[in-house]
Amino acid sequence: MTDSGTKFKTLKFLKIITFSILFIATVLFTVAAIRTLSLDVNVGLQLAQWEKTNLIAADINQGQREELLSNFKEAIRIPTVSFTQTELNTTALLQFDKLLRKAFPTVFSSNLVHHEVVADYSHLFWVPGSQPALVPYMLLAHIDVVPALEADGWDAPPFSAKEIDDFIYGRGTIDNKQSVMGILQALEYLLRKGYAPRRGLYIGLGHDEEVNGLMGAMNIARVLKQRGVRLAFVLDEGLAILDGIISGLEGPAALIGISEKGQATVKLSVSAVPGHSSMPPSESSIGILAAAVKRLEESPMPRLFGYGPERGTFEHLAHKFSLPLKFIMSNLWLFSPLLGRIMERRQVTNPFVRTTTAVTMFNAGVKVNIIPSLAEAYVNLRIHSAQSLQEVLDLIQSTVGDQRVKIELVDGFDPLPISSYDETSFGFQLIKKTVLDMFPQVTVAPGICIGNTDSRHFKELTNDTYRFAPTWFKPGDAQRFHGINERISKKNYEELVLFYFNLFQNCDIKQLPSPHSSVHEL
């Protein structure tokens, strides 16, 4: 074969390859462009003909405004701190019980409301509906808070409920006494106006959520299970309204948590023969353990963006991004790996991409001149929805790769089931409607909770659990969660009361309107 013949065949082959690549790229681009233009990212019956249920107007007068703020501040001033599972401020919990009875006299005296104390400090309320055929729902919140010290740098004492620039400062203002007080305050006002629900409802207030809810929420769930209760949906704390936090997003977004990451606490330990520091071994127990911990930090868990519910979040928000982000968000079937790489670079978005690994405790040594016989480290992991607890443990074992390091699971659980969020999802659509009625400028989307809530104890009672409260988070506010200067604006707390006021009534609809009666926005 001549050189010219070989070159001709080579050029022909290259043309075919080039044409094929261009053809495939054109097809992919065309499909992506069509999805960008036509993907209904705001599905949700927002313009559907809903059954009218808001028969009682939420008209809060000045006297009620002062009352609800006074009640809330008093709740913040009670230091209901959970230190450990066995160390709770029980005196404060009893004081909080007295506050609830004083602040919400109608709730506690109404013939409609059945109340009981569970596990000494938690509260369970049951309000039967006038139509027993309607499956009841449940609202959750928790009374306890994490510790806080003024010396850490608070602008106001953490249990003072001091007002600064129309914000109320104090531990519990956003985690989670704003929901505790907001739910009961809304019910109080409705009952005063003669409200009697069609659909029955439960309210559960746990007292030890910050230390896993093993006494409060778990016992409330046990009581309901023994009574054969089945719930249409559960709504707990979790996500919020994010304003200016998601880069590139136009306007605020209300994220309704449809799942939670799993969790594991793993103990690593190394035992060695103790000795004098003047004759050190080539490797000490501390050195071996430190190397193992370093390998875990340098080898993050695999990037899994797009394999969990986080994909639905960005697809619902896509139309609120400008190009080119809108194009990328609308076509995560193609761009998930790219977006995942971008998100893993930021500390605040990396948790949505993978199982996170955090070394939280490291203990070794008893004296400066003794080689310690034991070194221990604790690692806390938050497990991505696409992984299991066992898969994570296997990866830790292979990454550590040293038989001298003992690996023990202290406790842990798999990621929580993913709740429905389509047009037929009763709980999701009711929460969404309530948000949009109050905040029409907000985009609503499903989300994933990177922390854990009491709601996980109720998974046997319902198929759908949601995690949301309309607390507004602006840049920097996320750091206040379990941090210093936790606060909420007076306006936002009043909005929470109104949200639950409206949600109670919205839940009285018998069924969702037909999806065909909605007008979709493209």
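The values are calculated or read from the model by the stated rules, or taken from the named source; none is laboratory data. All figures in this text were calculated on a predicted structure; none of them were measured in a lab. We place every Cβ from the backbone using ideal geometry, glycine too, and count neighbours over all the protein chains shown.
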* Structure fact -> residue 108: passes all of (1) of a type outside the set (D, E, K, R); (2) part of a helix (DSSP H, G or I); (3) touching a residue at least 40 places away in the same chain (Cβ under 8 Å); (4) touching a helix residue (DSSP H, G or I) at 6+ places or on another chain (Cβ under 6 Å) but (3)
* Structure fact -> Residue pairs within 9 Å by beta carbon, gap of at least six or interchain, first lying in segment 347-359 and touching a residue at least 12 places away in the same chain (Cβ under 8 Å) and assigned to a loop (DSSP other than H, G, I, E, B), second of a type in the set (S, T, N, Q) and crowded, with 21+ Cβ neighbours inside 10 Å, listed first then second, are 354/387; 355/387
* In segment 197-229, the residues that are under 29 Å from residue 88 (Cα atoms), in contact (Cβ under 8 Å) with a residue 24 or more places away in the chain and of a type in the set (D, E, K, R) -> 208, 209, 210, 225
* Structure fact -> When (1) within 24 Å of residue 298 (Cα to Cα); (2) outside the structural domain of residue 505 (by TED's automatic domain parsing) are applied to residue 451, the one that fails is (2)
* Go through the residues of segment 457-466 one by one and say whether even a single one is at pLDDT 95 or above and part of a helix (DSSP H, G or I). => yes
* Considering segment 377-395 alone, what residues qualify as being touching a Leu at 6+ places or on another chain (Cβ under 7 Å) and either under 30 Å from residue 275 (Cβ atoms) or among the hydrophobic types (A, V, I, L, M, F, W, C) (or both)? -> 377, 379, 383, 386, 392, 393
* Asked: Could you give every pair whose Cβ atoms fall below 8 Å, whose first residue belongs to segment 185-196 and is outside any helix (DSSP H, G or I), and whose second residue is at pLDDT 95 or above and buried (at least 19 other Cβ atoms within 10 Å of the Cβ), counting only separations of at least 6 or pairs across chains?
  -> 195/504; 195/505
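Can you work out which of the residues in segment 351-401 that are acidic (Asp, Glu) and surrounded by 14 or more Cβ atoms within 10 Å (Cβ to Cβ) is farthest from the chain's Cα centre (by Cα)?
At the first step, the residues of segment 351-401 found to be acidic (Asp, Glu) are 376, 391, 394.
From the residues that got through so far, the ones that are surrounded by 14 or more Cβ atoms within 10 Å (Cβ to Cβ) too are 376, 391.
On the way: 376: 30, 391: 23 Å.
Across segment 351-401, the extreme among qualifying residues is 376.
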* Asked: Which one is surrounded by the most Cβ atoms within 10 Å (Cβ to Cβ) among residues in segment 96-126 that are under 24 Å from residue 226 (Cβ atoms) and not hydrophobic (A, V, I, L, M, F, W, C)?
  -> 122
* Asked: Would segment 86-98 turn up any residue that is in contact with a Leu (Cβ under 7 Å, 6 or more places away or on another chain), more than 16 Å from residue 179 (Cα to Cα) and of a type in the set (Gly, Ala, Ser)?
  -> no
* **Residue check for residue 93: touching an Asp or Glu at 6+ places or on another chain (Cβ under 9 Å), of a type in the set (A, V, I, L, M, F, W, C), at pLDDT 95 or above and surrounded by 12 or more Cβ atoms within 10 Å (Cβ to Cβ)** => yes
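Residues are listed down the side, and each one gets a yes or a no for (1) out of contact with any Lys or Arg (no Cβ under 7 Å at 6 or more places or on another chain); (2) free of Cβ contacts under 8 Å to residues at least 12 places away in the same chain; (3) over 20 Å from residue 191 (Cβ atoms); (4) among the hydroxyl-bearing types (Ser, Thr, Tyr):
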{"site": "470", "(1), (2), (3), (4)": "yes, no, yes, no"}
{"site": "478", "(1), (2), (3), (4)": "yes, no, yes, no"}
{"site": "487", "(1), (2), (3), (4)": "no, no, yes, no"}
{"site": "498", "(1), (2), (3), (4)": "yes, no, no, no"}
{"site": "503", "(1), (2), (3), (4)": "yes, no, no, no"}
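Working only within segment 50-65, note down all residues that are of a type in the set (S, T, N, Q), surrounded by fewer than 16 Cβ atoms within 10 Å (Cβ to Cβ) and either farther than 18 Å from residue 497 by Cβ or at pLDDT 90 or above (or both). So that I can check it myself, show each step before the final result.
To start, the set of residues in segment 50-65 that are of a type in the set (S, T, N, Q) comprises 53-54, 61-62, 64.
Then drop every residue that is not surrounded by fewer than 16 Cβ atoms within 10 Å (Cβ to Cβ), which leaves 54, 61-62.
Residues satisfying the conditions are 61, 62.
Of the residues in segment 218-244, how many are more than 13 Å from the chain's Cα centre (by Cα) and either within 23 Å of residue 127 (Cβ to Cβ) or not in a loop (DSSP other than H, G, I, E, B) (or both)? Don't jump to the end; show me each part of the working.
Looking only at segment 218-244, we keep the residues that are more than 13 Å from the chain's Cα centre (by Cα), and these are 218-234, 243-244.
Those still in the list that are either within 23 Å of residue 127 (Cβ to Cβ) or not in a loop (DSSP other than H, G, I, E, B) (or both) too: 218-234.
The total comes to 17.
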* **Qualifying positions in segment 294-305 - closer than 15 Å to residue 329 by Cα and either exposed (fewer than 15 other Cβ atoms within 10 Å of the Cβ) or modelled with pLDDT under 90 (or both)** => none
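Just for segment 118-173: of the residues that are hydroxyl-bearing (Ser, Thr, Tyr) and closer than 17 Å to residue 493 by Cβ, which one is nearest to the chain's Cα centre (by Cα)?
Looking only at segment 118-173, we keep the residues that are hydroxyl-bearing (Ser, Thr, Tyr), and these are 121-122, 130, 137, 160, 169, 173.
Still in the running and closer than 17 Å to residue 493 by Cβ: 160, 169, 173.
Details: 160: 27, 169: 22, 173: 16 Å.
Applying the filter and picking the extreme gives 173.
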* Asked: Filter segment 176-199 for residues that are more than 16 Å from residue 125 (Cβ to Cβ) and buried (at least 24 other Cβ atoms within 10 Å of the Cβ); which is nearest to the chain's Cα centre (by Cα)?
  -> 176
* Got at least one residue in segment 391-409 being under 24 Å from residue 305 (Cα atoms), in a loop (DSSP other than H, G, I, E, B) and touching a strand residue (DSSP E or B) at 6+ places or on another chain (Cβ under 9 Å)? -> no
* To do: Can you confirm whether segment 249-271 contains a residue that is touching an Asp or Glu at 6+ places or on another chain (Cβ under 8 Å), among the basic types (Lys, Arg) and within 23 Å of residue 408 (Cα to Cα)?
  => yes
* Hey, among the residues in segment 266-292 that are in a helix (DSSP H, G or I) and of a type outside the set (Val, Ile, Thr), which one's surrounded by the most Cβ atoms within 10 Å (Cβ to Cβ)? -> 289
* Structure fact -> Over segment 77-104, the set of residues part of a helix (DSSP H, G or I) and either within 25 Å of the chain's Cα centre (by Cα) or not polar (S, T, N, Q) (or both) is 77, 92, 93, 94, 96, 97, 98, 99, 100, 101, 102, 103
